[in-house]
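Okay, structure first, notes after.
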Amino acid sequence: MKRSDAHILKRMRALWDDAHDFDPKDPMFGLTAAEMSGPALSRRATLRLLAAGGALTAAHLMPGGMTGAAQAEGKSGGTLNCGWAGVAEIQTLDPAQIGQVLQFQITSNVLSGLMHIDNNLVPRGDLAEDWVVSDDGLTYTFKLRQGLTFHNGDPFNADDVIYTYERSSNPDISIHSKVLANVASLEKIGDYEVRFTLKNPQASFLTKTLERASGRAMTIVSRGAIEKMGAAQYGLTPVGTGPFKVTEHVLGQGVTLEKFADYYDPERPKLDRIIIRPIDGVEPIAAALEAGDIQYIGGNPIAPQLIDRFKANPDLVVDIKPGPGFQSVWLNPWREPMKVTDFNRPMDEMLKDKGFMVRLALAKALDRDTYIKQAHFGYAVPGYGSINPAMAFYYDQEIGEKSQQAFDPDGARALLAEAGFPDGKGFPELEMIVTPGSKRNGLVLANIYKKVLGITIKVVPKEFSVGIQDFNNMEFDMRLGGSGGDYDPDDGLVDWMMTTSKFNGRTRDKAKYPFGYFSNDLVDSLTDEESVTADLEKRKMLVQEANQITSDKVTCGFLYHPVDVLVHSKVVNVPAANRIPGLADLDRVTLN
Amino acid sequence: MTSYMLRRLIGSFIVMWAVATLVFFMLRLVPGDPVAAMLADAGGPDEIAAMKARLGLDRSVFVQYGIWFSNMLQGDLGSSIYGSRIEVARIIAEALPRTLSLSLLAFLIAMVIAIPAGIISATRRNTMTDNTVSLFAFLGLSMPDFWLAIILIIIFAANLQWLPAIGYTPMDEGLWQWFRHLILPAIAIGTAFSAIIARMIRSSLLEVLNSDYMRTARAKGLTPRMLMFGHALPNAMIPVITVIGIAFALLISGAVVVENVFAIKGLGRVLIEGILNRDYPVVQGAVLVVSAIFVFSNLIVDLLYGLIDPRIRLN
């Protein structure tokens with residue numbers, strides 16, 4: 001019987017209501033363990049997870065709306081040639097050592113985790129077939145997939161999870177040991193069952209700690225392979241349980257992946273082989289794509305000046321989505337004329353402080369639209385905080401209007417005048433540290449400051465290894481920089497905005513500088529609370545409040561959120577399920 | 001001859017040691033912390049300190065030098081401090097064939113263009129041919145190699161699609177594949193190189209052609225071919241070979257920009273990236289190899305003098 005439109009709409013309405021009908025305090029979102037069990041979540045569970053993550057749309061509710069995205073067109077087989085942008089050599093693929101997006105984009109195709117985020121940034125079971133969270137949010141019990149093997153034929157079981165945990169917890173081996181700091185213990189319950197006990201509830205445990213790609217700490221490695229080939233070789237040709245296995249890795253020349261026939265999903269991967277070549281430089285990667293040497297670009301973000309050129313090419317597909325990250329102009333609060341030594345005072349009191357007036361003027365003068373147009377060819381989103389639009393649910397759509405940092409040239413000039421620098425007169429020349437690659441962006445900013453405030457900013461390009469040292473030591477006036485791969489609010493708030501954040505002047509002279517670039521007790525307590533809050537609505541409120549304070553009190557001049565741009569040849573089919581912002585999962589990709 | 005060789009070899013090793021030592025201390029004097037860069041998004045001061053201790057970077061610079069030098073004498077160049085700590089010897093061993101392949105092909109292309117161009121230009125001095133060759137030589141010298149590289153990619157890779165735009169294929173995967181990946185970068189590098197050599201050959205030949213012994217040779221009734229290839233060219237090549245020797249060594253380390261355009265990771269890029277990342281062991285190893293190439297190519301040039309001109313004695 002053919003259903004009427006009214007019936008479909010009624011059904012969609014019911015699904016929508018059901019998806020949102022859960023007790024916010026319930027970490028299971030009103031779902032039973034059976035509904036949460038794998039290998040595939042029930043439709044109801046998926047809709048609820050999407051709703052909880054703020055990512056549920058009408059399209060998901062349409063009959064068949066959940067399945068189309070996962071299906072790839074084109075046929076299986078073939079070789080995909082990829083160029084990895086902005087890198088000359090893939091130094092390592094050992095999850096214990098990788099720290100760059102361009103690396104975990106590759107390992108996500110080779111190694112597995114207990115969880116993996118999907119294209120809506122909702123965590124899904126990867127090696128975990130099922131999991132149960134205790135009511136107090138302190139224990140997570142995982143049932144593992146059975147009958148799996150690593151690429152070298154070794155069987156996968158709970159011992160590999162324990163081994164990975166022990167390896168990643170060891171700071172001598174792993175650079176991600178701190179990610180596991182909240183884990184009190186990991187027990188083996190059975191050959192295919194493990195239980196994590198946390199010291200404190202942690203809302204981001206599934207998406208941050210256990211995520212196979214961006215998490216890295218619990219990306220499952222093969223003990224047998226590491227012991228046999230040694231850590232150095234494992235870094236080149238890691239062995240995992242992922243859809244592709246590494247068959248060759250020549251430093252500076254590239255990585256070859258081949259289909260792993262025993263992958264747990266017999267439908268994946270589709271491709272026989274992937275060749276990944278590191279390509280540094282803007283023109284070389286464009287020429288390689290246009291010449292047909294490569295059909296897909298991964299790695300570092302594509303240079304914005306290429307996007308319109310690619311869009312004009314009828315043989316290419318350009319897909320743009322919000323990207324997970326933020327970029328800012330960092331202002332040293334220990335240097336005149338923007339010196340602020342106490343960010344805890346009420347706003348009206350802070351507005352009487354000349355140093356704060358200057359900081360706010362510098363933030364208000366950021367003509368983000370012009371900057372994005374000139375430095376990023378229009379491909380970025382104005383930023384006012386560390387919470388990015390890719391975190392859909394947590395992102396405050398109105399922060400641009402609510403923030404004290406909203407572009408206001410007259411207000412900025414008035415503040416600067418009140419601080420003793422009318423029309424920028426008498427304002428000292430400040431230095432802004434940029435990387436050599438972002439010198440142009442720095443010059444665009446300097447031009448905006450000149451135009452809006454009449455002040456001179458000297459752009460100083462420094463290699464990353466030098467600039468980061470100055471930043472850590474608090475030896476800078478201004479610095480252009482920020483974060484990428486931020487899928488969870490903690491990636492912004494915990495890592496950057498707290499007094500104890502790992503980037504907050506971490507190697508400063510503590511006798512001279514009690515804190516780094518920012519310190520606010522309320523932001524600290526809000527962040528402490530949100531990071532252990534499983535109630536999503538409450539967490540959202542705490543996250544947005546903390547984000548608003550960091551914006552209003554000028555932790556830095558928030559500038560923009562990057563966009564995630566995927567460019568590939570039309571012969572490549574990238575289904576929606578593989579379109580995860582910041583990642584380059586290729587397991588469902590086919591060739592026409 | 002043997003004692004000359006021995007003296008030169010000892011001298012060469014001293015030069016290499018001096019260069020490597022200088023670079024060792026200079027690199028540690030310049031600002032930049034490799035561990036802070038490596039732990040950019042992970043770890044705090046404790047982790048930084050622990051990693052420095054693990055890498056031996058917390059010791060005094062003289063102790064570090066002593067350890068490095070002693071290991072180097074035993075053939076151990078150490079490991080990269082980044083990523084999976086790949087051995088420096090392996091990094092260099094993988095990059096060197098790419099650089100040598102590219103440099104040799106560029107050198108061959110340069111010679112094939114430069115020798116006839118130089119001879120024609122010198123023997124037809126101040127004619128239209130000479131002016132045309134000179135014009136092209138100046139063009140070759142004036143064009144930045146990376147610009148020429150991009151133009152070649154746009155024409156032969158992107159538009160005509162005859163040749164690949166990027167990458168390197170080792171010779172053991174087929175001579176043709178090796179050649180077609182290297183021909184464009186080799187032309188980009190070899191063009192400027194050929195212009196220098198052609199100008200050098202021209203001026204050197206002009207000097208020789210006007211000498212007394214050439215007048216005598218002509219008076220003896222030798223054919224122009226015998227005059228050129230039997231007498232003039234060998235004598236004219238002595239200063240040219242000096243330039244070729246230095247230029248070839250420069251090619252090895254200086255092809256970095258073109259290597260970048262064609263996404264070929266050669267020795268130059270290993271060195272540059274090592275410096276930018278403050279990857280001390282990689283820089284030390286690469287500098288050692290580059291200085292060895294410089295020193296030994298100059299040694300070969302000196303030995304060639306004796307072969308070309310028997311009047312030059314190497315003792």
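The values are calculated or read from the model by the stated rules, or taken from the named source; none is laboratory data. For clarity, every value in this text was computed on a predicted model and none was experimentally measured. Because the Cβ atoms are built from the backbone with ideal geometry, glycine has one as well, and the counts that use them run over all protein chains shown.
For this structure, a couple of remarks:
- Just one of (1) crowded, with 16+ Cβ neighbours inside 10 Å; (2) within 14 Å of chain A (Cβ to nearest Cβ); (3) at pLDDT 90 or above fails for B:A158. It is (3).
- Index of the failed condition, A:H176 passing every other in (1) closer than 28 Å to A:R539 by Cα; (2) in contact with a strand residue (DSSP E or B) (Cβ under 9 Å, 6 or more places away or on another chain): (2)
- Meets criteria (in contact with a Pro (Cβ under 7 Å, 6 or more places away or on another chain), assigned by TED's automatic domain parsing to the domain that holds A:I372 and closer than 30 Å to A:L362 by Cβ) for A:V543: yes
- Test: residue in region B:199-211 that is of a type in the set (D, E, K, R), more than 14 Å from chain A (Cβ to nearest Cβ) and either buried (at least 18 other Cβ atoms within 10 Å of the Cβ) or under 25 Å from the mean Cα position of the chain (by Cα) (or both): yes
- Of all residues in region B:83-107, those being out of contact with any Pro (no Cβ under 8 Å at 6 or more places or on another chain), surrounded by 18 or more Cβ atoms within 10 Å (Cβ to Cβ) and away from every other protein chain (no Cβ under 11 Å) number 4.
Table: residues versus (1) in contact with a helix residue (DSSP H, G or I) (Cβ under 7 Å, 6 or more places away or on another chain); (2) in the same structural domain as B:L102 (by TED's automatic domain parsing); (3) over 30 Å from A:G281 (Cβ atoms).
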| site | (1), (2), (3) |
| --- | --- |
| B:I189 | yes, yes, no |
| B:R202 | yes, yes, yes |
| B:E207 | no, yes, yes |
| B:L251 | yes, yes, no |
| B:E259 | yes, yes, no |
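- A:D272 being touching a residue at least 24 places away in the same chain (Cβ under 8 Å), closer than 23 Å to A:D564 by Cβ and surrounded by fewer than 24 Cβ atoms within 10 Å (Cβ to Cβ): no
- Counting residues in region B:91-108 that are in the same structural domain as B:V290 (by TED's automatic domain parsing), part of a helix (DSSP H, G or I) and more than 29 Å from B:V289 (Cβ to Cβ) gives zero.
- Scanning region A:413-455 for residues that are aliphatic (A, V, I, L, M) and part of a loop (DSSP other than H, G, I, E, B) turns up A:A419, A:I455.
- Region A:434-447, residues that are of a type outside the set (S, T, N, Q), surrounded by fewer than 21 Cβ atoms within 10 Å (Cβ to Cβ) and within 21 Å of A:A363 (Cα to Cα): A:K439, A:R440, A:L443, A:V444, A:A446
- Candidate set from region B:58-82 (those that are out of contact with any Asp or Glu (no Cβ under 9 Å at 6 or more places or on another chain) and assigned to a loop (DSSP other than H, G, I, E, B)); member that is nearest to the other protein chains (Cβ to nearest Cβ): B:D58
- Number of the exception - A:V460 against (1) touching a residue at least 12 places away in the same chain (Cβ under 8 Å); (2) over 23 Å from A:G437 (Cβ atoms): (2)
- Entirely in region A:79-177, the strands (runs of 3 or more DSSP E) that have 1 or more residues that are buried (at least 19 other Cβ atoms within 10 Å of the Cβ) and within 14 Å of chain B (Cβ to nearest Cβ): A:79-85
- Failed item in (1) touching a helix residue (DSSP H, G or I) at 6+ places or on another chain (Cβ under 6 Å); (2) exposed (fewer than 15 other Cβ atoms within 10 Å of the Cβ); (3) in contact (Cβ under 8 Å) with a residue 40 or more places away in the chain, with B:R124 passing the rest: (3)
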